Structures are given as C-alpha cells and as structure tokens.
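The values are calculated or read from the model by the stated rules, or taken from the named source; none is laboratory data. Keep in mind it's a predicted model, so treat the numbers as computed, not measured. For neighbour counting, all protein chains shown are included, and Cβ atoms are generated from backbone atoms with ideal geometry for every residue, glycine included. Please note that ligands, DNA and RNA were not included when accessible areas were found on the heavy atoms of the full protein model with its side chains. Shrake-Rupley method; radii C 1.70, N 1.55, O 1.52, S 1.80 Å.
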Amino acid sequence: MATIAIVDGYSTGSALSRTLAERGVTCVHARSAAEVSGYFARTFRPGDYEIDLGFLADRTELVKRLRAIRVDQVVAGTESGVILADTLNHLLGLPGNEIATVAARRDKSAMAVAVLAAGLAAPLGRACASVDEAADWYAKAIAGPAVVKPLDSAGSDRVRFCRDVDQVRAACAELLAARNLYGAPNHRILVQEQLVGTEFYVNSVSCGGAHRVAEMWRYTKRPGPAGAPIYDYEEPVEPGSADAAPVREFAFAVLDALGVRSSAAHTEIMLTARGPVLIESGARLGGATLPEVVAKLSGVSQTSLQAQSLVDPAAFNDFDDRTRRWSTTVRNVSLINPTPVGRQAGQWLARLSQLPTAVAIAANCVPGAELPQTVDLISSPGFVYLAAEDATEVERDYRTLRRWERHGLYGR
C-alpha cells in the first residue's frame with residue numbers, strides 16, 4: 001500500500017487524509033511554516049497520520065526523512081502547501097507537477113503570464129509593490145472597474161472591488177500593510193481588470209498529465225460591505241450542459257500551461273462575451289466543501305478522485321468525467337451574517353437543520369461566542385447544502401434562510 005505525504009493537511013486536506021487513512025494508506029504530514037493560524041489548525045486531523053514531521057526549516061533534512069520513510073508521492077493539503085509539495089516531489093524524483101512553472105502555481109501575476117503565453121485569456125493586470133505604482137498603472141491601463149488582491153492567498157482574502165483610483169489607492173494601502181491568509185506579508189499586490197460574465201470553478205484531478213473533472217460549479221456572488229465579494233451560493237454544472245464543454249476545455253488548457261500534471265486543482269473561470277477567461281487556479285483541493293455529501297449526490301468528489309489517483313491510477317484513467325450526473329437539484333449556500341453578533345444564539349444551527357431540503361451543514365456555531373459580520377469567505381458562519389428533486393423547494397428554502405438571516409438568526 002502507498003505511503004503519501006501531505007503538506008499542510010488543513011481545510012479539505014483533512015478530508016483527503018481521512019479518505020486515504022480509511023483506504024489503508026500510510027499518511028505522513030509536514031508543515032510548510034512554523035506557525036499555523038487557528039483558522040486552519042482546528043481542521044487538522046492528527047489521528048490520520050502515522051508520522052507527523054511538523055515543520056522542518058532544513059529542506060535537505062526533510063527530503064532525507066521522506067526518502068527514509070519511502071514516500072510514494074507528496075501532495076498539498078491546502079494552498080500554502082503547493083510550493084513545498086511540488087518542490088519535494090522534484091527533489092525526491094517522485095511523480096509531480098512541472099518544477100519549471102512552480103512559481104506560476106502560487107503567484108497570480110506569474111500565473112497570468114504563463115496562461116497568456118499559452119494563447120489563453122487572462123485578465124489585464126499588474127503586480128505592484130507600492131500604492132503609487134498601482135494607482136499610476138491603474139489610471140493608464142484600466143480607469144474602470146478593477147480588482148485588487150494579494151498575489152498568493154486564497155478564499156477571497158482581502159479581495160477588493162474598486163471603481164476609481166481613490167478606491168484602488170485605499171485597497172492597495174490596506175493590503176500592503178497586511179498579511180495574507182497564511183500569515184505572510186503582502187510585499188506586492190495584484191491590480192486587475194474586473195471581469196464581467198458568469199463565474200465557474202472546476203475542481204479537477206490530474207495524474208500523469210491526464211486531467212479529469214471531479215466537480216464543476218457555477219458561482220453566484222454579491223458585493224460585500226467591505227468591497228470584497230461575498231459568496232452567495234453555487235450550483236453544480238451538468239457535464240452535458242452548454243457551458244460545460246468550453247469551461248472544461250479551457251480549464252484543462254490552463255492546467256497544461258501551469259504545468260499541473262499530478263495533483264488536484266481548483267480553477268476559477270469567468271465565461272465572458274469574449275469567451276472563457278482565467279481568474280486564478282490553485283494546484284490543490286477546492287475548499288468550502290463536504291466531500292462525502294458531494295460524493296453521495298453525484299457519485300464522486302474531488303477528494304475521492306484524488307485518493308483514487310494516488311492508490312489506483314488505472315481506475316482513475318478509466319473515469320469518464322463527461323457522463324456522470326447529479327441525482328437531484330443541489331445548491332451549496334454560503335451563510336451570511338449581516339451584522340456583528342456579540343453573543344451567538346444557541347439554536348441557530350438546529351433551526352437551519354429544520355429546513356426541509358437541508359441535507360448537510362458545515363457551521364462555526366459556538367453558543368455565546370461573538371460572530372463577526374460576513375465580509376468575505378473567511379468570515380462566513382459556514383455553508384449548507386440544500387437538495388431536492390423539485391428545484392422550487394430548494395429555492396423556497398434558500399429564500400427562507402436569507403429571510404431568517406435578515407431577522408437576526410445568529411443572535412437570537
């Protein structure tokens with residue numbers, strides 16, 4: 001049986017470690033940084049690992065230990081582990097992504113350059129190290145709706161929508177003075193044109209250069225009070241739909257351009273009037289998901305497909321991602337707290353469970369604790385899967401949920 005090392009086994013990486021451990025795989029854990037934020041640390045499952053190497057600053061020593069353990073492959077559990085996982089596979093001579101393009105799999109500016117060089121569409125943008133540089137370039141190149149965001153974060157971390165140069169200046173000043181979601185300082189930030197269209201994400205798995213779509217979803221977002229996008233809900237896209245083919249083809253071309261050959265990937269794409277345009281891609285599992293629920297409703301999740309690629313590559317190659325179907329109407333609804341709450345109500349999670357179409361809830365419910373206003377993905381109280389054969393029932397419960405939120409669901 002295989003021995004798999006996971007770098008930063010947090011977020012959905014914790015579901016991967018559980019899935020692999022249940023299949024009898026020997027799991028080894030390593031950290032990419034000495035410190036881990038509480039947001040990620042609480043998702044870690046130490047019992048899934050036979051060996052936890054912790055953080056080793058000496059990369060030579062880390063390679064030596066992994067070689068002694070006879071690790072078969074290294075994978076990233078979350079975004080912060082992408083660079084180290086790819087580097088370790090390269091140093092160990094194991095299957096992995098192309099090392100020449102490793103920077104483009106984290107740095108969103110380098111990512112756009114690589115994608116454009118491959119003849120694919122990416123937003124007009126520039127990485128800037130100062131507020132003045134960003135404002136000057138914006139005024140000359142865009143002078144319209146723009147997005148300002150960190151170069152190497154995730155989860156809508158400090159993403160800001162801007163309409164004019166003053167808003168660009170304010171957003172850039174905020175980001176350059178802050179650290180990203182993983183605790184690293186933002187020495188440079190990215191200013192891009194704001195794309196207009198329908199947004200999708202493709203959760204894929206690659207093995208030996210062959211790509212398969214595990215899940216494709218259509219995003220619905222709304223502007224948040226801090227100028228960042230707030231996730232509203234997402235719905236699965238059937239493989240046979242009109243949008244699926246061009247989005248799938250574009251996503252696979254992006255993966256090739258970024259050198260993704262043997263890993264999971266989460267690729268966000270805007271389908272615009274000029275065709276598909278890359279927003280960004282992460283060479284790791286997608287977040288904000290309950291893989292067991294997705295697998296139950298569609299037959300496979302990205303987590304289960306990545307586990308299969310690691311333990312049974314032949315079965316992975318036989319998987320036809322264009323014939324799978326969802327068994328029912330599904331909507332993954334992000335929870336939105338409209339105002340700060342000093343003391344959480346004790347019953348709000350139970351109340352959500354009463355929705356007739358609610359099949360699963362992932363929530364940060366701590367009765368009596370504070371709950372911040374939802375301003376981005378990280379500050380959301382959680383998410384709930386609604387599912388029913390009748391789409392009108394899902395829509396009804398979605399509207400009921402939003403009405404409850406407006407009337408103090410979280411603070412009663």
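Just one residue in the set Gly24, Gly9, Gly96 is touching a residue at least 12 places away in the same chain (Cβ under 8 Å) and surrounded by fewer than 17 Cβ atoms within 10 Å (Cβ to Cβ); that residue is Gly24.
So that you can scan it fast, the table gives a plain yes or no per residue for (1) modelled with pLDDT under 95; (2) under 19 Å from Ser156 (Cα atoms); (3) open to solvent by less than 50 Å² (accessible area, probe 1.4 Å); (4) hydrophobic (A, V, I, L, M, F, W, C):
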{"residue": "Ala362", "(1), (2), (3), (4)": "no, yes, yes, yes"}
{"residue": "Val366", "(1), (2), (3), (4)": "yes, no, no, yes"}
{"residue": "Val375", "(1), (2), (3), (4)": "yes, yes, yes, yes"}
{"residue": "Arg402", "(1), (2), (3), (4)": "no, no, yes, no"}
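Contact map, the range 292-308: residues that are open to solvent by 30 Å² or more (accessible area, probe 1.4 Å) paired with residues that are of a type in the set (Phe, Trp, Tyr), Cβ distance under 9 Å, separation 6+ or inter-chain. Pairs shown: Gly299/Trp326; Gln308/Phe316; Gln308/Phe319.
Considering only residues of the range 116-156 that are loosely packed, with under 13 Cβ neighbours inside 10 Å and without any contact (Cβ under 8 Å) to a residue 40 or more places away in the chain, which is nearest to Gly287 (Cα to Cα)? Looking at residues that are loosely packed, with under 13 Cβ neighbours inside 10 Å and without any contact (Cβ under 8 Å) to a residue 40 or more places away in the chain, I get Gly119.
Screening Gly208 against (1) surrounded by fewer than 17 Cβ atoms within 10 Å (Cβ to Cβ); (2) under 21 Å from Val277 (Cβ atoms) leaves a single unmet condition, (2). Count of the range 211-230 residues, restricted to those that are assigned to a strand (DSSP E or B), open to solvent by 30 Å² or more (accessible area, probe 1.4 Å) and out of contact with any Asp or Glu (no Cβ under 6 Å at 6 or more places or on another chain), is 1. Scanning the range 238-250 for residues that are more than 16 Å from Gly197 (Cα to Cα) and either of a type in the set (Asp, Glu) or surrounded by 22 or more Cβ atoms within 10 Å (Cβ to Cβ) (or both) yields Glu238, Arg248, Glu249.
The one condition from (1) at pLDDT below 95; (2) hydrophobic (A, V, I, L, M, F, W, C); (3) more than 30 Å from Val148 (Cα to Cα) that Ala5 does not meet is (1). Of the residues making up the range 38-67, just one is over 27 Å from Ser304 (Cβ atoms) and at pLDDT below 95, namely Gly38. When Ala173, Ala110 are checked against the criterion of being under 21 Å from the mean Cα position of the chain (by Cα) and outside any loop (DSSP other than H, G, I, E, B), Ala110 stands alone in meeting it.
This table checks each residue for (1) of a type outside the set (Gly, Ala, Ser); (2) in a helix (DSSP H, G or I); (3) in contact (Cβ under 8 Å) with a residue 24 or more places away in the chain.
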site: Leu16; (1), (2), (3): yes, yes, yes
site: Thr19; (1), (2), (3): yes, yes, yes
site: Ala30; (1), (2), (3): no, no, yes
site: Ala33; (1), (2), (3): no, no, yes
site: Tyr39; (1), (2), (3): yes, yes, yes
site: Phe44; (1), (2), (3): yes, no, yes
site: Thr60; (1), (2), (3): yes, yes, no
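Is it the case that the range 66-79 has a residue that's assigned to a helix (DSSP H, G or I), within 20 Å of Leu20 (Cβ to Cβ) and in contact with a Lys or Arg (Cβ under 9 Å, 6 or more places away or on another chain)? Looking through the range 66-79, at least one residue is assigned to a helix (DSSP H, G or I), within 20 Å of Leu20 (Cβ to Cβ) and in contact with a Lys or Arg (Cβ under 9 Å, 6 or more places away or on another chain).
Pairs meeting the criteria (first residue in the range 266-277 and surrounded by fewer than 21 Cβ atoms within 10 Å (Cβ to Cβ), second residue assigned to a strand (DSSP E or B) and of a type in the set (Gly, Ala, Ser), beta carbons under 9 Å, at least 6 apart or on different chains) are Glu268/Ser281; Glu268/Gly282. Considering only the range 330-353, I want to know if a residue exists there that is open to solvent by less than 40 Å² (accessible area, probe 1.4 Å) and on the phi > 0 side of the Ramachandran plot. Scanning the range 330-353, I find no residue that is open to solvent by less than 40 Å² (accessible area, probe 1.4 Å) and on the phi > 0 side of the Ramachandran plot, so the answer is no.
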